[in-house]
1. Return the pairs, sorted by first residue and then second, in which the second residue is assigned to a helix (DSSP H, G or I) and of a type in the set (Lys, Arg), the first residue lies in the stretch 25-39 and is farther than 16 Å from Val58 by Cβ, the beta carbons are less than 7 Å apart, and the residues are 6+ apart or on different chains.
2. Scan Ala325, Ala299 and give me the residue that is out of contact with any Gly (no Cβ under 7 Å at 6 or more places or on another chain), modelled with pLDDT of 95 or more and over 21 Å from His389 (Cα atoms).
3. Considering the stretch 274-321 alone, what residues qualify as being free of Cβ contacts under 8 Å to residues at least 40 places away in the same chain and surrounded by 23 or more Cβ atoms within 10 Å (Cβ to Cβ)?
4. Restricted to the stretch 9-37, and to residues that are in a loop (DSSP other than H, G, I, E, B) and of a type in the set (Val, Ile, Thr), which residue is most open to solvent (accessible area, probe 1.4 Å)?
5. Wholly within the stretch 231-299, which helices (runs of 4 or more DSSP H) include no fewer than the required count, namely at least 3 residues that are out of contact with any Lys or Arg (no Cβ under 7 Å at 6 or more places or on another chain) and aliphatic (A, V, I, L, M)?
6. Can you find even one residue in the stretch 168-180 that is more than 26 Å from Asp238 (Cβ to Cβ), at pLDDT below 95, surrounded by fewer than 20 Cβ atoms within 10 Å (Cβ to Cβ) and not basic (Lys, Arg)?
7. Being more than 26 Å from Leu24 (Cβ to Cβ) and not in a loop (DSSP other than H, G, I, E, B) is the filter; apply it to the stretch 198-227 and report the residue that is most open to solvent (accessible area, probe 1.4 Å).
8. Residues that are basic (Lys, Arg), assigned to a helix (DSSP H, G or I) and either surrounded by fewer than 23 Cβ atoms within 10 Å (Cβ to Cβ) or at pLDDT 95 or above (or both): does the stretch 131-151 have at least one?
Amino acid sequence: MNVLVLTTTFPPEVRSAALLMWELAESLVGRGHRVTVITAPPEGGSGRRIGPFQLPYVEDRSGVRVIRIPTLAIHRTHAPALLRGLGQILNALAYLIAALWVKNVDVSLAYSPPLALGIVGAVLHRVKGIPHVLNVQDLVPQYAIDLGILKNRTLIRTLKWIEKTVYRSVQQITVHSPGNAEYMVREGVPASKVAVVPNWVDTHLIQPRSHETPYREKAGLQGKFVVLFAGMLGFAQDLDTVVEAGTFLRAHPDIVVLIVGEGVEKERLKAKARSLGLDNVRFMPAVSSADYPEVVASADLCLATLQKSLLCPVVPSKLLGYMAAGRPIVASFPEGGDAPRVVRDAACGVCVPPGEPEQLARAIIEASANPDQCRARGENGRRFAETHHDRDVVMALYERILDGLRDIAAEPEMPSARLEKTAPLG
């Protein structure tokens, strides 16, 4: 089977989306399929140029053919929502042109957001008959509406129309949690068109290990109770609450909050920590996926947080890495979503209300005083990750979905009823 993957980010970029799409592509190649990925050049990456202009280029990454095309790096900016949307449409056009040149594609898959890549998949199906799978990680535009990034009513109506058009035009939608699937159904998507395929973690790569690591020594954390947040430092993560929790931890000099990652909010958050005089909140650069297991192993406790306004059923992928590493979790999520449900089902930590730094600090202090409880929660999380989110198990689900679409597309006609049976809701 020849699979075309569309994603705006791919290694060596250090982002959860990049890692997910790389592991999907690598696993499919390992299962005997051919995979071509169309993506943007990495930030600061090399490649042929004419003056200031980057030219497209092709590379091989462990058997995965990667086509890098020049795009507008709008995801790295603070541009207004309208300009970001226009930039995504222009980028989608570049992806479409590149995708039309790829030969012998059996099925395509796109990572969303941006939703515009779903438009590319829909056009490919219309023009070349290639069935398309849209992997929806964040619900756009609802995600931006919840965060207050998107307020213009005309733009919201336009994006909602685009969202429904894309969902109607693709052949399969995969989401990572039941709450996301329920949202799709409420938006009018047939339940039979939506497959719940959980995100995965490589439980062979990330395993429980001693927290006495070279990384801990390099960061000057010996003898400390290390509370780790590792991931994207963006608008959704509610990291103001994490920084402010440091003010309630001053009486506990053994506790250090370590924030590892990059994002549009990083410099502002660092300035805030300085203005509050917090030497117990430290920032470190993002690390590669190869170094990530050592970073998580260095922690005694892990944090996962989301803005209280974010009502979409988001499940941060960092949860899975924490659980695979056998580390207990303090989570700060809006109630009613899927993320608190995961923490409770796994019995791997505690949940506190978002936007409440004092309660977050209290949960951290309680965890530091109860090592046996922390150990038990970490072990629970590890078992849950192995049972429900193991990479090999989830890859088999994706392979079945892609194979089913490929087989139907190969028939003289593609009855919609047959297509919708390839991966039912749930």
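The values are calculated or read from the model by the stated rules, or taken from the named source; none is laboratory data. Note that this is a predicted model, so its numbers are computed, not measured. As a convention, Cβ positions derive from the backbone with ideal geometry for all residues, glycine included, and neighbour counts pool all protein chains shown. Protein only, heavy atoms only, side chains kept; ligands, DNA and RNA dropped before computing areas. Shrake-Rupley method; radii C 1.70, N 1.55, O 1.52, S 1.80 Å.
1. Every condition considered, the pairs that remain are Ser27/Arg391.
2. Details: Ala325 fails: over 21 Å from His389 (Cα atoms).
Every option except Ala299 fails the conditions.
3. Val281, Leu319
4. Start the filter on the stretch 9-37 by keeping residues that are in a loop (DSSP other than H, G, I, E, B), which leaves 9-15, 31-33.
Okay, now just the ones that are also of a type in the set (Val, Ile, Thr), so 9, 14.
Numbers: Thr9: 8, Val14: 73 Å².
For the stretch 9-37, the residue satisfying everything is Val14.
5. The helices (runs of 4 or more DSSP H) meeting that bar are 239-245, 266-275.
6. yes
7. Only one residue fits best here, namely Lys218.
8. No, the stretch 131-151 has no match at all.
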